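Report on one structure; see the data block that follows.
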Amino acid sequence: MKNILIIIFLTISQLAYSQFDAPLIERKGNLVQNRYYILGKEVSERQVLKKMRPYQVSHKMMKSSRRLAFTSSLIAGFGAGTFIPTFFDPSPQVTLPLLITGVSLIAIAVPIKQKANRKADEAIDLYNSRELMGEKGTKAEFNLTLSSTGIGLMMTF
């Protein structure tokens with residue numbers, strides 16, 4: 001009797017645990033840095049791209065997000081590079097133009113980074129929705145080939 005109760009308990013707990021559907025990939029971050037988690041374990045963005053590779057739609061969106069984030073970082077870096085010298089050279093001829101240029105470049109970089117984060121979220125949501133899971137499959141192709149020894153049937157997967 002005791003064994004039957006243990007088996008029933010394990011079966012019910014396994015069913016309840018199986019119903020918990022955690023997202024496969026998760027992104028946490030802000031405008032400066034993003035952190036990616038696969039089933040709760042922190043991974044790099046490269047590993048996320050590698051995991052998404054079989055699903056072309058989400059993979060392309062994630063790559064686009066990565067390009068936008070790089071562009072945003074580059075623009076913000078140029079903005080900070082023009083903004084920082086204003087603290088070391090107090091002359092007004094240099095300070096005002098560099099200050100305006102630096103602040104405007106940083107202001108341009110912020111919406112680009114927000115768009116990159118939005119695209120990354122869309123790609124992750126699309127991947128996690130499991131709508132793409134049916135796309136991953138083998139497609140067998142049969143072709144007739146001619147060679148010097150005769151005709152053959154070539155099958156590719």
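The values are calculated or read from the model by the stated rules, or taken from the named source; none is laboratory data. This is a predicted model, so every value here is computed, not measured. Backbone-built Cβ (ideal geometry, glycine too); neighbour counts: all protein chains shown. The area values use the complete protein model at the heavy-atom level, side chains included, leaving out ligands, DNA and RNA. Shrake-Rupley method; radii C 1.70, N 1.55, O 1.52, S 1.80 Å.
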Q: Considering only segment 68-98, state which residues are open to solvent by 90 Å² or more (accessible area, probe 1.4 Å) and either farther than 18 Å from residue 31 by Cα or touching a residue at least 12 places away in the same chain (Cβ under 8 Å) (or both).
A: 78, 87, 88, 90, 92, 93, 96
**Q.** Flag if residue 86 is in contact with a strand residue (DSSP E or B) (Cβ under 6 Å, 6 or more places away or on another chain), at pLDDT below 90 and of a type in the set (Val, Ile, Thr)
**A.** no
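For residue 19, are the conditions met, namely being of a type in the set (S, T, N, Q) and modelled with pLDDT under 85? Steps first, answer last, please.
On the way: of a type in the set (S, T, N, Q): yes; modelled with pLDDT under 85: yes.
In short, yes.
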Q.
Looking at segment 99-110, can you tell me whether even one residue there is under 21 Å from the mean Cα position of the chain (by Cα), surrounded by 13 or more Cβ atoms within 10 Å (Cβ to Cβ), polar (S, T, N, Q) and modelled with pLDDT under 95?
A. no
